[in-house]
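K.L.:
Quick one: the structure is below, and I'll ask about it shortly.
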Amino acid sequence: MPPMSLDAPEQAESPVVHTIPRRYVALGLIVLAIILVGALIVIRNADQTGDTSDTETVTPAPTSVIAALSQIPAATTNGVGVTSPDNPITPPTATGNASLWESSTQGAGPRPVVFFYGAEFAPYAAAERWPVVIALARFGTFTQLGLMLSSSSVAFSNTATFTFWHAQYSSLWVDLQADERYSSLDPTGGGYTALQAPTARQSASVAVYDTSAKTFPLLDIANHYVLIGSSFSPTVLGGLSQSQIADDLAYPASPVTQAIMASANEITAAICSVTGERPTAVCSAHGVRAADAKMKIRQAG
């Protein structure tokens, strides 16, 4: 985030000191000191939030788009399975015997954490949000999701996507933790505006799995499966709007659908592995089982 600065006030004319009683001068200095201290506290607290909500306005995704992503026909998801001949898919990889990352106890108990570490300007994060949103929609509900385009000044410019900044998601099975580290705004040409600072636990995930700390996105599924970067090239989404991509998901033969759905099935299979294969209707679906077999999840379990 660009450093804050306080502009110097305009220079006033020199006061005629001998006409002002000293008690008023002292009172004025006290009031000025209180104002300055208050301003410093406000600036410090605003800087510590890690959420610069006044930097941009996000357009909410239409309900029609959210519905399209959460109501994809079984014929499409199962028909695609893990097949994407035009766009090779990289699945999440198992981390080994790492401990399960769960959220704090809430209501029915702790839930596995799905952590997405992204940046709004990044085209690979833009591509990966599509299968992540679809996979998560199988386990819960998005009630708020913003529309976003990747930066126009990087490769795969203006890739249509979403943002998890201020997104609202509820689920009985998983806890979504999303950190959009930077916005798509570069107001000064010196770097993208910071949006959210990761928590200590999220920072630990980035430090362990993305040693360069420069890759967006990172997808960490409960510390058991991890994907660095996007599962497919953003090229397939080039020139398409969110509505066009969502509409395309009804056609299993579409390269767009195949890339997104094959990745979504693999992410779903990884999530099922940390939820105890629940809910059954999701985890037993043919497309998810195909991803399970490709990733050898059940054999590893």
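A short reminder: the numbers here are calculations on the coordinates, not readings from a lab. Treat the numbers as computed from the prediction; the structure is a model and nothing was measured. Cβ placement follows ideal geometry from the backbone for every residue including glycine, while neighbour counts extend to all protein chains displayed.
K.L.:
Among ASP220, ASP186, rank each residue by its count of other Cβ atoms within 10 Å, from fewest to most, as a rough exposure measure.
P.N.:
Lowest count first: ASP186, ASP220.
K.L.:
While we're looking at this one, here's another question. What whole-number value in cubic angstrom gives the convex hull volume per residue for the C-alpha atoms of segment 63-300?
P.N.:
117 Å³
K.L.:
If we count other beta carbons within 10 Å of each Cβ, what is the order of ASP86, ASP179, fewest first? All intermediate terms of the calculation are to be shown ahead of the outcome.
P.N.:
Values: ASP86 13, ASP179 23.
Arranged by neighbour count, lowest to highest, ASP86, ASP179 become ASP86, ASP179.
K.L.:
Rg over Rh of segment 86-157, using C-alpha atoms and the Kirkwood radius, what does it come to?
P.N.:
Here the Rg-to-Rh quotient is 1.03.
K.L.:
How high is the relative contact order of segment 163-301? Use alpha-carbon pairs under 8 Å, at least six apart in sequence, and give a whole percent.
P.N.:
13 percent
K.L.:
For segment 63-300, what does the relative contact order come out to in percent, with C-alpha contacts under 8 Å and a separation of six or more?
P.N.:
In percent, rounded to a whole number, it is 32.
K.L.:
Binned at 10 Å from 0, what are the whole-percent values of the Cα-Cα distance distribution for segment 199-301, short to long?
P.N.:
For segment 199-301, the pair-distance distribution reads 13, 36, 35, 15, 0.
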